[in-house]
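Trainee: Starting off with a structure, shown below.
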Amino acid sequence: MPFMAVILSFLGPIDESVWEHIKDYLLFEYASNTLQLLVAVIATSSLIGVFFAALVSFGDFPGRRFLMGCLLTPLAFPAYIYAFVYTGVFSYSGILASLEFFSFRSFWGLVFTLSLSFYPYIYLLSFQGFSSIGSRFYEMAMVNGLSPLKSFCSGALPISFPWIMTGVILVSLETIADFGAASIFSFDTLTIGIYKAWFGFFSLPTAMRMSTILVGLGILLILFKQYYQKDKLYENKVNSTPINRINLGWMATFTCVIFLTFALTLPLLQLILWSSGSEAQWPQIIKLSAHTLIISLIGAIGINFFGFLAIASMRISPIKLSPFLINLPLIGYGLPGTVIATIIFFLFGGVHGFIGSLLLLVLAYFIRFFPLAMTTIGSAGKRVPLYFEELAVLANIPRLTIFKKISIPLLKPGWLLSFVFLFIEIVKELPMTLIMRPTGYSTLATKVFEFSSEGEWAHAAIPSIVIVFISSFSVIWIIARKIGK
Amino acid sequence: MLEIRDLELEVNKKRITKPISFDIPCGELTCLSGPSGVGKTTLIRTIAGLHKAGSGTISVNGVCFVKDGKELVPCHLRKVGYAPQEPSLYPHMTVKENLSFFLRGLNLETQTKRIESVIEQLQITDKVDCYPHQLSGGQAQRVAIARAIVNDPQILLFDETLSGIHTELAIKVGQIILKMVSEKNIPGILVSHDLELTKKISPNTCVLNSQGLKRS
């Protein structure tokens, strides 16, 4: 669908004056801003993610296991919540109002909020790398007489690079796709530019043509990820022999706590302070929560069902698809929400009754998040030998019975995890929901955006707390499965 | 009778052996040995229909499964009893459920009779209600053998079924397979990398290497 839209956008008519104006005066600025932001967020997130992953993997300190899980919880905070909370924290009504001289609404402020929100991807993947093959190379270097720091730098770090790179690519995709935080900081990236072309210049064809750049960039990043990962994620098996961790003492605990004060405590405290000072309109909050839960459940169940069906069918199909065809749907994850919305409106704008329906919104979620379901279920499936299904196929057992009796129970860890991932992503999702929701259908995310765009931080606080609360449950569940074991 | 003529094995469109030709009459167990990576598992999977043949012909009891590399009978219609390298018992099912799953479509009485018959032959009667993780390596292998034969196949294929268990038990399990093949009067192949072990189980032993298949 994206490819079709890209081709059609160049064949169809365009508002020449709008396109020329954007091309001559704005496009370079959008592209340059996007690139600068990308480089800065990658650098900051990598530093934070790799540093803390190394600390909890190779160091021992009081509260290590607890803090190890806490470091993942920022996953529950969407970037746009961090953005408006931190903007508010430094404003006249915020808890750090005394630092008002410090201008947080700047490029580096945006880099800080995006990094806080996205570093957990790099942290989680680096941790997996360090705790599997990384720890063995670390031990080998130690045995050969290197210091712990040198053993990490020359042993664990280089061998874990494929995991770190996968995290970096995910952070890149999320940064390019970010709409809410950049919008709150009034920082014009390509994603914001597309939105402005559509809703500011009222030119959908121009927005579509601009989307081509991000479609290309997304495809490139996904292809790079596939190419880079090929035969490189050596193994995911956690090293069962406990490694001899260096005792880092309270200093490491203190470092984690200080960081978590900025990533967790301060934003939560500020949200609670704002919400206690504003009059909560509970009927509205309940309605928003219900809307969010309904659309997230429909989306997560539907996408998960098709993701499971795709992986389970591939496992029992006698026809082996080429890796290119298998990876083709993954490109969807490389497309920002604004671009997907633009593509869908471009293609279905003329279909009466289709635009502004929940069905179309779910279709948008499907394009963006189906790759997430496929990769999560597919990764879990790699740990289940194909023999299980092959034997049933050889015995001429109907496909539906194989799905019900073999694939569903054996792939359960994968589809359960995928459901939770999808659920969190849709609860937090902003641009597609904002653009494509039916009239009058607001979710917690869209309400937070509406209030925070107007500077009504106190009103945005309660829906934000509900988002963080709902997402936290899912994040804690993931932590319990991934790290708690 | 299993007849194989000029069969070429391919992995990723690369030929891995010279053309193979051999026959296995009904009631005979042929042990297949050879160095690692030479294509023993690929040969077994090609006969089962789980791997595409490069060229050549495979037929069982006069029915041509593959002719000139073209699949004529899909894997699910070949009535093959197959035990892969690992026991691969369904971890969420008991031994009895692992066996009855392969007897779907038959009535309950026939299912019970078949299951009772194989578990008695393989001496695992007391393990029917156990889950795979409650079985020892040898017991799990015996359940895997029971599962391969419970569906009344017309050919039996065992891939490294004896690896991972100690020699004494391996010979005992090998002899059970030999007996099954003889009683059912069907052709059988037992793959093992251990040539000495295979010689102790069956007098019919073949060695597969890049030059093709040789009877030893």
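Trainee: If you build a Gaussian network model of chain B, linking Cα atoms that sit under 10 Å apart, which residue out of B:VAL173, B:VAL143, B:VAL11 swings the most?
Mentor: B:VAL11
Trainee: Average partner chain C-beta neighbours within 10 Å, per residue of A:394-407?
Mentor: 5
Trainee: Please identify, among B:THR46, B:THR167, B:THR198, the residue showing maximal mean-square fluctuation in a Gaussian network model of chain B using a 10 angstrom Cα cutoff.
Mentor: B:THR167
Trainee: Give the interface area between chains B and A as buried accessible surface, both sides summed, probe 1.4 Å, in Å² to the nearest 100.
Mentor: Working: alone 10560 and 21800 Å², together 30550 Å².
Using a 1.4 Å probe on protein heavy atoms, the buried area is about 1800 Å².
Trainee: For chain A, build the charge dipole from Cβ charges (+1 Lys, Arg; -1 Asp, Glu) around the Cα centre, then report which of A:TYR30, A:ILE213, A:MET1 sits farthest towards its positive end.
Mentor: After comparing all options, I get A:MET1.
Trainee: DSSP H helices in chain A with Cα extent of 30 Å or more along the helix axis and mean Kyte-Doolittle hydropathy at least -0.5?
Mentor: A:27-58, A:107-129, A:204-229, A:282-316, A:358-381, A:457-482
Trainee: For A:PRO371, what is the net charge nearby, where nearby means another residue's Cβ is under 15 Å from its Cβ and Lys, Arg count +1, Asp, Glu -1?
Mentor: -1
Trainee: Could you work out how much longer the chain between A:TYR25 and A:VAL39 gets when fully extended? Use 0.36 nm per residue separation minus the Cα distance between them, nm to one decimal.
Mentor: In short, 2.7 nm is gained.
Trainee: So, one more: So for each of A:110-118, B:150-158, A:404-412 I average, over its residues, the number of other beta carbons within 10 Å; can you give me the resulting order with the highest mean first? Walk me through the numbers before you get to the answer.
Mentor: Values: A:110-118: 25.4, B:150-158: 21.3, A:404-412: 18.0.
Sorting A:110-118, B:150-158, A:404-412 by mean packing, highest first, produces A:110-118, B:150-158, A:404-412.
Trainee: For segment B:99-216, report the accessible area per residue in Å² (1.4 Å probe, heavy atoms, rounded to an integer). Before the final figure, lay out each step's value.
Mentor: On the way: 5470 Å² over 118 residues.
Dividing the accessible area of segment B:99-216 by its residue count gives 46 Å².
Trainee: Turning to a different aspect of this structure: If you average the sequence gap of Cα pairs under 8 Å that are 6 or more apart and divide by the length of chain A, what percent do you get for the contact order? It would help to have the intermediate numbers written out before the result.
Mentor: Working: 637 pairs, mean separation 104.6, N = 485.
Value for chain A: 22 percent.
Trainee: Another question, then. Between B:LYS70 and A:ILE301, take the C-beta separation as r, use R0 = 56 Å, and let me know the FRET efficiency to the nearest 0.05.
Mentor: The formula returns an efficiency of 0.85 here.
Trainee: Starting from the Cα of B:ASP194, step 7 Å along the direction of its Cβ; do the same at A:ALA480; then give the gap between the two resulting points in nm.
Mentor: So the two model labels end up 4.5 nm from each other.
Trainee: Follow-up. Taking beta carbons within 10 Å but only from partner chains, what does the mean come to for residues B:76-86?
Mentor: Counting other chains' Cβ atoms within 10 Å and averaging over B:76-86 gives 4.
Trainee: Here's a follow-up. Set the bar at 32 Å for Cα to Cα. Now go through A:LYS412/B:LYS70; A:LYS382/B:LYS127; B:LYS70/B:LYS214; B:LYS79/B:LYS200 and name every pair that lies beyond it.
Mentor: Too far apart for the 32 Å limit: A:LYS412/B:LYS70.
Trainee: Another question, then. So how far, in whole Å, is the C-alpha centre of segment B:115-170 from the one of segment B:60-77?
Mentor: Cα centroid of segment B:115-170 versus Cα centroid of segment B:60-77: 28 Å apart.
Trainee: Still on this structure, please answer the following. May I ask which of A:LYS404/B:LYS96; A:LYS23/A:LYS225; B:LYS52/B:LYS96 have a Cα-Cα span longer than 27 Å here?
Mentor: Beyond 27 Å: A:LYS23/A:LYS225; B:LYS52/B:LYS96.
Trainee: Quantify, in whole percent, the carbon and sulfur part of the accessible surface of the protein assembly as shown (1.4 Å probe; protein heavy atoms only).
Mentor: 63
Trainee: Averaged over A:382-393, how many beta carbons belonging to a partner chain fall within 10 Å of each residue's beta carbon? Before the final figure, lay out each step's value.
Mentor: Working: counts 0, 0, 1, 4, 3, 9, 6, 0, 8, 16, 5, 6.
So the per-residue partner count for this stretch is 5.
Trainee: For B:GLN211 and B:ARG15 in one chain, what is 0.36 nm times their gap in residues minus the Cα-Cα distance, to one decimal in nm?
Mentor: 69.4 nm
Trainee: Taking only Cα atoms of the protein assembly as shown, what ratio of Rg to Rh do you get with Rh as the Kirkwood inverse-distance radius?
Mentor: 1.05
Trainee: Using mean Cβ contacts within 10 Å as the protection proxy, how do A:41-50, A:213-222 order, highest first?
Mentor: Order by mean packing, descending: A:41-50, A:213-222.
Trainee: Using a cut-off of under 13 Å, list every residue of segment A:25-65 whose amide N is near the label point 7 Å from the Cα of A:THR253 along the Cα-to-beta-carbon line.
Mentor: The answer is A:60-65.
Trainee: Setting aside same-chain residues fewer than 8 positions from A:LYS287, which lysines have a Cα under 18 Å from its Cα?
Mentor: In chain and number order, the partners are A:LYS428, A:LYS447.
Trainee: Also, I was wondering about something else. Which of B:GLU160, B:GLU109, B:GLU120 moves most in a GNM of chain B, Cα contacts under 10 Å?
Mentor: Of B:GLU160, B:GLU109, B:GLU120, the most mobile in the Gaussian network model is B:GLU109.
Trainee: Give the aspartates and glutamates reachable from B:LYS199 as a straight Cα distance under 17 Å; neighbours fewer than 8 places away on the same chain don't count.
Mentor: Within the straight-line cut-off, B:LYS199 pairs with B:GLU28, B:ASP159, B:GLU160, B:GLU168.
Trainee: Based on the Kirkwood radius over alpha-carbon pairs, what is the Stokes-Einstein translational diffusion coefficient of chain B at 25 °C with 0.890 mPa s viscosity, in µm²/s?
Mentor: Roughly 140 µm²/s, to the nearest whole number.
The values are calculated or read from the model by the stated rules, or taken from the named source; none is laboratory data. From a predicted model like this one, the values you see are computed outputs, not experimental measurements. We place every Cβ from the backbone using ideal geometry, glycine too, and count neighbours over all the protein chains shown. Heavy atoms of the whole protein, side chains included, go into the accessibility calculation; ligands, DNA and RNA do not. Shrake-Rupley method; radii C 1.70, N 1.55, O 1.52, S 1.80 Å.
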